[in-house]
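Worksheet for the structure shown next.
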Amino acid sequence: MSKHTVTIDINGTTVTKEVDSRMLLVHFLREELQMTGTHIGCDTSSCGACTVLMDGRSVKSCTVYTVQANGRSVKTIEGMESGGALHPLQESFHEEHGLQCGFCTPGMIMRATEFLEKNPNPSEEEIRWGISGNLCRCTGYVNIVKAIQNAAEKMQKEVA
Amino acid sequence: MNGPKTSPEVGGIGHRVKRKEDARFIRGQGKYTDDVVLPGMLHMDIVRSPYAYAKIKSINTDAAMAIPGVHAVITGDVLKQYNLHWMPTLMSDTQMVLPTDTVMYQSQEVAAVIADDRYIAADAVEAVEVEYEPMQAVVDPFKAMEPDAPVLRPDKEGKTDNLIWHWETGEREATEKVFQNADVVVKENIYLPRIHVASIETCGCVASFDPAEGKLTVWMTTQAPHAIRTVVALVAGHVGLSEEKIRIIAPDIGGGFGGKVPVYPGYVIAIAASVVIGKPVKWVEDRSENLQADSFARDYHMGVELAANNSGKMEALRIKTIADYGYTDAAANPSKYPAGMFSICTGSYDIKTAFTEMDAYYTNKPPGGVAYRCSFRVTEAVHAIERIVDVLAQKLGRDPAELRMQNFIQPDEFPYQSALGWEYDSGDYPRALKLAMEKIGYDDLRREQVEKRARGELMGIGISSFTEIVGAGPSKDFDILGIKMFDSCEVRIHPTGKAIARFGTKSQGQGHETTYAQILAEELGIPAAHIQVEEGDTDTAPYGLGTYASRSTPTAGAAAAKAAYKVRDKARKIAAHLLEVSEEDLEWEVGKFYVKGSPEQSKTIQDIAFAAYTNHPEGMEAGLEATHYYDPPNMTFPFGSYICVVDIDRKTGVINVRRFVAIDDCGNIINPMILEGQIHGGLTQGLAPAMYEELIYDEQGNILNGNFMDYLLPTAVETPKWETDQTVTPCPHHPLGAKGVAESPTVGAPPAIANAVVDALSHLGVVNMDIPITPFKVWQVLKEKGAAA
């Protein structure tokens with residue numbers, strides 16, 4: 001198995017490590033860096049539990065090789081707080097009861113982060129399509145949608 | 001119920017307290033099984049059978065063992081040396097841990113590889129060479145019952161057929177007599193297909209055996225850690241694992257829904273590997289393995305008959321079920337109830353005579369029979385009765401709401417003795433249905449339907465007025481492997497008036513850390529924010545049977561109240577000592593004892609807690625704590641009425657769920673926010689089997705959709721906007737008047753959806769459609785009836 005040295009900006013910190021060419025980004029995060037907030041829920045890129053941001057775009061990290069992230073920036077749930085303050089999405093998921101078992105939550109929040117960046121003032125329908133690559137088995141999505149709406153409002157106010 | 005008794009600061013029952021557990025989950029700091037990492041930990045991966053039924057001619061592990069980083073390849077023959085190749089199931093059947101000669105279903109475990117990391121383990125799985133001799137699989141219980149069918153379990157002495165058991169309840173002859181003399185009889189064959197709970201976290205464990213201490217610690221995805229500890233002690237006692245040296249830790253769990261109750265072979269192999277190798281071993285299954293090999297739900301073929309008189313009064317119910325259990329009965333039912341609580345099938349109706357029987361068969365499919373978010377086969381029972389009531393309404397030309405109202409058990413008839421032996425605790429079925437009809441505008445919808453039909457448009461309205469049976473259960477009838485189905489709470493009040501409470505249950509997303517704290521806050525007056533709730537560690541938590549079948553609030557929730565009462569009993573003595581009055585002179589109100597007629601003389605629970613450690617009466621033990629093991633006097637019977645409106649596209653058969661109103665009654669409500677969340681989720685897990693989910697097998701027993709690309713879980717797009725509300729009819733025998741709620745919607749929703757679709761097509765002569773009702777099925781029906789656009 002050939003090895004490669006990768007340098008990746010992870011949540012603002014530069015990490016350089018040697019990895020196998022086949023190592024998936026999700027395993028790199030979870031097992032090499034012990035950042036276990038990113039979860040694995042399937043083996044077909046269907047569930048979205050492993051969603052992270054790569055150069056600001058949401059990707060399913062079970063379908064990205066670590067070497068593909070070389071020279072890029074990766075943001076995970078662990079990087080969402082800033083200066084000890086929760087991101088509005090984290091706050092809203094709590095306030096709107098947008099999580100139950102919590103397993104899909106990091107992926108949902110990461111997906112919603114990019115979604116709100118592209119569409120800061122979405123309709124409910126747009127949110128539902130926006131998170132349709134992320135599965136939740138507990139909440140029936142009702143309160144996840146509300147949480148994203150609520151976060152959008154907060155973020156709009158912050159901008160204004 | 002009126003408003004909360006406690007202040008928002010105390011946060012007792014009835015407050016929308018935000019969840020305590022969220023703090024770690026929203027930060028990605030939850031600790032799930034796969035997050036556990038131990039020094040020197042090895043990884044296990046499993047070789048699985050490509051055939052549904054085959055002889056194993058040979059297993060060659062040489063190539064796998066030659067891969068650097070591979071520590072062991074474990075086969076059935078290896079486990080046989082320790083007599084660990086078979087294990088008992090919870091239903092007193094037997095299940096292979098690893099096979100020595102025959103595989104019984106596709107994706108069955110054949111061998112396990114232990115390696116330095118998961119990549120090497122996966123390589124080694126590919127390198128294990130297994131030679132099979134395939135045999136013709138039996139994947140259909142109707143084929144399994146044919147006289148010339150192969151006997152699938154020749155390991156069972158004297159077994160000459162594939163019948164696992166026959167079960168019946170009710171009065172066969174009396175029921176037959178009513179049917180013979182009835183004005184009207186309707187009968188339908190209803191199939192509830194095999195489905196999978198598919199929690200987003202799969203199953204797995206980290207087994208760590210410490211040779212010096214002789215102690216085994218297992219972090220695992222289990223809904224019932226204490227029961228697992230006892231099972232491990234019983235199964236592996238002969239190899240030296242004794243119960244005090246076994247610690248099961250259920251860390252955070254990413255959804256359970258019944259799928260994390262059973263003991264899967266992977267857990268046992270990982271434990272055996274850790275004991276033999278002396279290093280921690282992690283096993284976490286893939287999604288495909290989870291769907292293909294872990295316990296299924298449902299798979300009931302039901303022949304359902306209802307007898308009534310011409311005026312619509314229901315007189316008798318009869319159901320004959322053929323159940324497909326796969327190659328072993330590895331269901332998770334209370335021991336005395338092989339068909340679970342299926343005998344709740346008379347539902348919300350006053351049906352005086354009933355009989356139900358069931359034959360369970362072995363087939364070459366994975367074992368299981370777990371609940372998929374329902375209390376032991378209640379979904380099957382509710383689907384049968386709620387569908388057949390609509391069939392009767394259609395036959396009599398009656399409105400299905402009106403027919404239900406006519407036959408409901410009336411509010412003044414509780415406690416109600418059902419024909420199949422249950423004592424329903426409380427209910428007000430007409431109120432729930434009326435509220436659902438008002439909310440959705442039932443009469444207007446019926447008028448709209450008439451107009452649309454005249455224009456050739458397809459619109460349907462479906463009702464489901466279900467009654468559940470949850471909270472297992474009273475010790476005289478309910479046990480698993482002989483262990484009575486009580487549950488427990490231990491609460492300790494610290495000197496500063498804060499508390500820690502531990503329970504025998506285990507949350508998988510239900511929010512116990514919040515709701516249990518609210519119960520204790522209600523009964524002790526200590527703010528919920530200051531009550532730490534812990535579950536899942538068998539070394540610290542009191543014994544309990546775990547969380548499934550909506551049993552946590554009915555059992556452990558009641559135990560919390562009872563433990564709080566014990567604490568209060570002692571607190572009263574301490575307060576009397578501090579206030580220098582007799583105990584009888586004291587009155588309790590939230591958070592304090594005060595002297596009758598002199599309310600300014602009082603001691604708060606915090607004063608009392610401090611005194612319990614600093615100034616307790618002479619002769620009294622120090623400390624303030626209590627433990628209670630709660631044995632429920634009866635089951636609880638949540639109920640509700642759901643109404644669904646669908647529009648169907650005649651060109652494509654696509655069903656649009658336009659509206660769905662769910663009225664639930666689970667007795668008194670602990671936390672309305674969490675309750676609504678549970679109902680949203682349950683409704684979505686009711687939608688899923690009604691419209692999307694089914695595990696499909698071909699005639700050779702190959703699973704055709706054993707991954708998330710092919711097994712469709714509803715996304716946010718498929719899921720409609722649920723409209724929910726509640727009525728409150730308290731449970732008369734639970735200390736808090738609560739009943740349990742999280743499964744009602746999974747149980748109630750599928751027949752509401754099926755009834756709506758059939759209603760949309762009823763004028764074409766459609767009487768029944770089996771779930772999942774897909775656009776293709778609808779389109780086929782429309783084409784057959786000449787109604788496709």
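Quick notes on this one:
- Among the conditions (1) under 22 Å from B:Arg118 (Cα atoms); (2) more than 9 Å from chain B (Cβ to nearest Cβ); (3) touching a His at 6+ places or on another chain (Cβ under 9 Å); (4) open to solvent by 10 Å² or more (accessible area, probe 1.4 Å), A:Cys50 misses just one, which is (4).
- A single member of A:Ser123, A:Ser132 is surrounded by fewer than 21 Cβ atoms within 10 Å (Cβ to Cβ), on the phi < 0 side of the Ramachandran plot and within 12 Å of another protein chain (Cβ to nearest Cβ), and it is A:Ser132.
- Screening the candidates B:Leu420, B:Leu435 for the property of being surrounded by fewer than 24 Cβ atoms within 10 Å (Cβ to Cβ) and over 30 Å from B:Ala323 (Cβ atoms) yields one hit, B:Leu435.
- Restricting the first member to region B:706-731 and to residues that are facing chain A (nearest Cβ under 8 Å) and of a type in the set (A, V, I, L, M), and the second to residues that are crowded, with 18+ Cβ neighbours inside 10 Å and outside any loop (DSSP other than H, G, I, E, B), the beta-carbon pairs closer than 6 Å and six or more apart or on different chains are B:Ala716/A:Arg128; B:Val717/A:Arg128.
Here is a yes/no grid of residues against (1) more than 28 Å from B:Gly460 (Cβ to Cβ); (2) hydrophobic (A, V, I, L, M, F, W, C):
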{"residue": "B:Gly623", "(1), (2)": "yes, no"}
{"residue": "B:Pro632", "(1), (2)": "yes, no"}
{"residue": "B:Gly667", "(1), (2)": "yes, no"}
{"residue": "B:Met673", "(1), (2)": "yes, yes"}
{"residue": "B:Ile696", "(1), (2)": "no, yes"}
{"residue": "B:Thr727", "(1), (2)": "no, no"}
{"residue": "B:Cys731", "(1), (2)": "yes, yes"}
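- Test: B:Gly686 is in contact (Cβ under 8 Å) with a residue 24 or more places away in the chain, within 11 Å of another protein chain (Cβ to nearest Cβ), open to solvent by less than 10 Å² (accessible area, probe 1.4 Å) and among the small types (Gly, Ala, Ser): yes
- Hits in region A:6-21 - residues which are β-branched (Val, Ile, Thr) and closer than 14 Å to A:Met35 by Cβ: A:Ile8, A:Ile10, A:Thr13, A:Val15
- Which listed residue, of B:Glu513, B:Glu534, B:Glu522, is touching a residue at least 12 places away in the same chain (Cβ under 8 Å), assigned to a strand (DSSP E or B) and under 29 Å from B:Ser744 (Cα atoms): B:Glu534
- Matching helices (runs of 4 or more DSSP H) fully within region B:141-259 where at least 3 residues are open to solvent by 60 Å² or more (accessible area, probe 1.4 Å): B:172-181
- Members of region B:727-786 that are open to solvent by less than 50 Å² (accessible area, probe 1.4 Å), over 22 Å from B:Arg455 (Cα atoms) and part of a helix (DSSP H, G or I): B:Ser744, B:Pro745, B:Thr746, B:Val747, B:Gly748, B:Ala749, B:Pro750, B:Pro751, B:Ala752, B:Ile753, B:Ala754
- Test: residue in region A:100-109 that is more than 8 Å from every other protein chain (Cβ to nearest Cβ), surrounded by fewer than 24 Cβ atoms within 10 Å (Cβ to Cβ) and in a helix (DSSP H, G or I): no
- Matching residues, region B:39-67, being more than 19 Å from B:Glu285 (Cβ to Cβ), within 14 Å of chain A (Cβ to nearest Cβ) and of a type in the set (A, V, I, L, M, F, W, C): B:Ile67
- The residues in region B:108-136 that are open to solvent by 30 Å² or more (accessible area, probe 1.4 Å) and either out of contact with any Pro (no Cβ under 8 Å at 6 or more places or on another chain) or within 14 Å of another protein chain (Cβ to nearest Cβ) (or both) can be counted, and the count is 13.
- Within region A:70-99, restricting attention to residues that are more than 20 Å from A:Met54 (Cα to Cα) and assigned to a loop (DSSP other than H, G, I, E, B), the residue that is farthest from the other protein chains (Cβ to nearest Cβ) is A:Gly83.
- Exactly one residue out of A:Asn150, A:Asn143 is within 10 Å of chain B (Cβ to nearest Cβ) and either open to solvent by less than 50 Å² (accessible area, probe 1.4 Å) or part of a helix (DSSP H, G or I) (or both), and it is A:Asn143.
- Qualifying position, being on the phi > 0 side of the Ramachandran plot and either crowded, with 18+ Cβ neighbours inside 10 Å or in contact (Cβ under 8 Å) with a residue 40 or more places away in the chain (or both), among B:Gly619, B:Gly623: B:Gly623
- Residue list for region A:87-128, filter: of a type in the set (A, V, I, L, M, F, W, C), over 21 Å from A:Lys157 (Cα atoms) and free of Cβ contacts under 8 Å to residues at least 40 places away in the same chain: A:Cys101
- Residues in region A:53-65 that are within 12 Å of chain B (Cβ to nearest Cβ) and in contact with a helix residue (DSSP H, G or I) (Cβ under 6 Å, 6 or more places away or on another chain): A:Cys62 only.
- Entry remark, region B:1-42: residues being open to solvent by 20 Å² or more (accessible area, probe 1.4 Å), of a type outside the set (D, E, K, R) and under 30 Å from B:Ala272 (Cβ atoms) number 5 in total.
- Some residue of region B:506-517 being open to solvent by 10 Å² or more (accessible area, probe 1.4 Å), within 14 Å of chain A (Cβ to nearest Cβ) and charged (D, E, K, R): yes
- Region B:415-454, residues that are outside any helix (DSSP H, G or I) and in contact with a Phe, Trp or Tyr (Cβ under 6 Å, 6 or more places away or on another chain): B:Tyr416, B:Tyr424, B:Asp425, B:Ser426, B:Gly427
- Candidate set: region A:27-37, residues that are more than 7 Å from every other protein chain (Cβ to nearest Cβ) and crowded, with 24+ Cβ neighbours inside 10 Å; chosen: the one nearest to the chain's Cα centre (by Cα): A:Leu29
- Candidate set: region B:668-683, residues that are within 13 Å of chain A (Cβ to nearest Cβ) and not hydrophobic (A, V, I, L, M, F, W, C); chosen: the one nearest to B:Lys365 (Cα to Cα): B:Gly682
- Restricting region B:392-417 to residues that are open to solvent by 10 Å² or more (accessible area, probe 1.4 Å) and in contact with a strand residue (DSSP E or B) (Cβ under 8 Å, 6 or more places away or on another chain) leaves a set whose member that is nearest to B:Phe478 (Cα to Cα) is B:Gln417.
The values are calculated or read from the model by the stated rules, or taken from the named source; none is laboratory data. As the structure is a computational prediction, the values presented were derived from the model and not from experiment. Don't worry about glycine lacking a Cβ; one is built from the backbone with ideal geometry, like all the others, and counts go over all protein chains shown. SASA here: full protein model, heavy atoms, side chains in, ligands and nucleic acids out. Shrake-Rupley method; radii C 1.70, N 1.55, O 1.52, S 1.80 Å.
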